[in-house]
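Enquirer: Sharing a structure, written as structure tokens. Questions coming.
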Number of protein chains: 2
Amino acid sequence: MSVAKEVASANQAFVSSRKTGQLPLPPARKLTVLTCMDARIDPVAAFGIKEGDAHVIRNAGARAPDAVRSLVISQQLLGTDTILVIGHSDCGMLTFQTPQAREIVAKQQGSHLDSKGQAELDSLNFLEFPDLHSNVASDVAFLKSNTLIKPNTDISGWVYDVGSGKLSQVA
Amino acid sequence: MSVAKEVASANQAFVSSRKTGQLPLPPARKLTVLTCMDARIDPVAAFGIKEGDAHVIRNAGARAPDAVRSLVISQQLLGTDTILVIGHSDCGMLTFQTPQAREIVAKQQGSHLDSKGQAELDSLNFLEFPDLHSNVASDVAFLKSNTLIKPNTDISGWVYDVGSGKLSQVA
């Protein structure tokens, strides 16, 4: 069975046992979590946020500069006022740099890469970082100084340990 | 108690009861889920993906053009080969248009908005859409024609009903 079919099949079981009805669109706890796409992070379990509680934005590395559009929509159109930036241990973003990554992609895609794709690749900033803690602190500072973010937002930075599951505040 | 402190407290309970050790960095099922930041979507429960299984990318509206960086990293550096694009019913992205949204943000931020923020707002595309199903189909087509995506990727489009919890394939 394809992975897509497995997901559809798992969803059928979920629907059968589902008790929650439709919840309101704006997050009940006015919370936005910005974290990494990493497969080992389950925000519901690890951060105690239930369905309906919080917007969850996820990208490679939990990068704030790549999440401005979503954060503005979350805050300005849907009323959230707390932002947690959550990086994590063993992050893939610590393991490469943009120039190397561009070479890897070009090599792997080979002749499949057309001129449009090559142009997009040439300007793609992978937003990697050499140090986890300082990157979370830097992204928190980025948000605190960005005047598209609501002035009284509670913004904090955290690191999640993918081994122990422990969340520690770093900014 | 602040929401941030509530999250830290919930995490302490999670750590105490945690049984999973550290899992490998690359997703076990080579799956990437691209879905919306909406508070009513819990990918682990609704899509049957366990810790370690899949990258989960989330932004406002599950928009593929806003997820290229993360998708390239997921595929090219971490070996995933299936992408599910999952929009959902009652999405906030159906309720506004960029020009109005820019006005709302400018009005709400008032004198807090500096010239840098105003310039960023003037060029911010909110990536809203007027129709859910056609947008998911369009984002799937966008990925299928983007040559930065691996040629043999299994890419499909789905709509999640936030009331019933049901996932339906649309592309």
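The values are calculated or read from the model by the stated rules, or taken from the named source; none is laboratory data. All figures in this text were calculated on a predicted structure; none of them were measured in a lab. Virtual Cβ from ideal backbone geometry, glycine too; neighbours counted across all protein chains shown. SASA here: full protein model, heavy atoms, side chains in, ligands and nucleic acids out. Shrake-Rupley method; radii C 1.70, N 1.55, O 1.52, S 1.80 Å.
Enquirer: Scan segment B:48-66 residue by residue and report those that are facing chain A (nearest Cβ under 7 Å), buried (at least 24 other Cβ atoms within 10 Å of the Cβ) and under 11 Å from the mean Cα position of the chain (by Cα).
Expert: Scanning segment B:48-66 gives B:HIS55, B:VAL56, B:ILE57, B:ARG58, B:ASN59, B:ALA60.
Enquirer: Do any helices (runs of 4 or more DSSP H) entirely within segment B:98-153 hold 1 or more residues that are within 19 Å of A:ALA67 (Cβ to Cβ) and open to solvent by 60 Å² or more (accessible area, probe 1.4 Å), and if so, which?
Expert: So the answer is B:98-109, B:115-122.
Enquirer: Find the residue count for segment B:70-95, including only residues that are under 29 Å from A:LEU25 (Cα atoms) and not polar (S, T, N, Q).
Expert: Matching residues across segment B:70-95 total 12.
Enquirer: Would a scan of segment B:10-21 turn up a residue that is closer than 30 Å to A:VAL72 by Cβ, modelled with pLDDT of 95 or more, open to solvent by 40 Å² or more (accessible area, probe 1.4 Å) and part of a helix (DSSP H, G or I)?
Expert: Checked against the condition, which is being closer than 30 Å to A:VAL72 by Cβ, modelled with pLDDT of 95 or more, open to solvent by 40 Å² or more (accessible area, probe 1.4 Å) and part of a helix (DSSP H, G or I), segment B:10-21 yields no hits at all.
Enquirer: Something else now. Looking at B:ALA39, is it in contact (Cβ under 8 Å) with a residue 60 or more places away in the chain and open to solvent by less than 10 Å² (accessible area, probe 1.4 Å)?
Expert: So B:ALA39 fails the test.
Enquirer: Among the listed residues A:ASP154, A:ASP139, A:ASP90, identify the single one that is more than 7 Å from every other protein chain (Cβ to nearest Cβ), among the charged types (D, E, K, R) and in contact (Cβ under 8 Å) with a residue 12 or more places away in the chain.
Expert: A:ASP139
Enquirer: Right, another one. Quickly run through segment A:77-92 and pick out the residues that are buried (at least 23 other Cβ atoms within 10 Å of the Cβ) and either among the polar types (S, T, N, Q) or modelled with pLDDT under 95 (or both).
Expert: A:THR80
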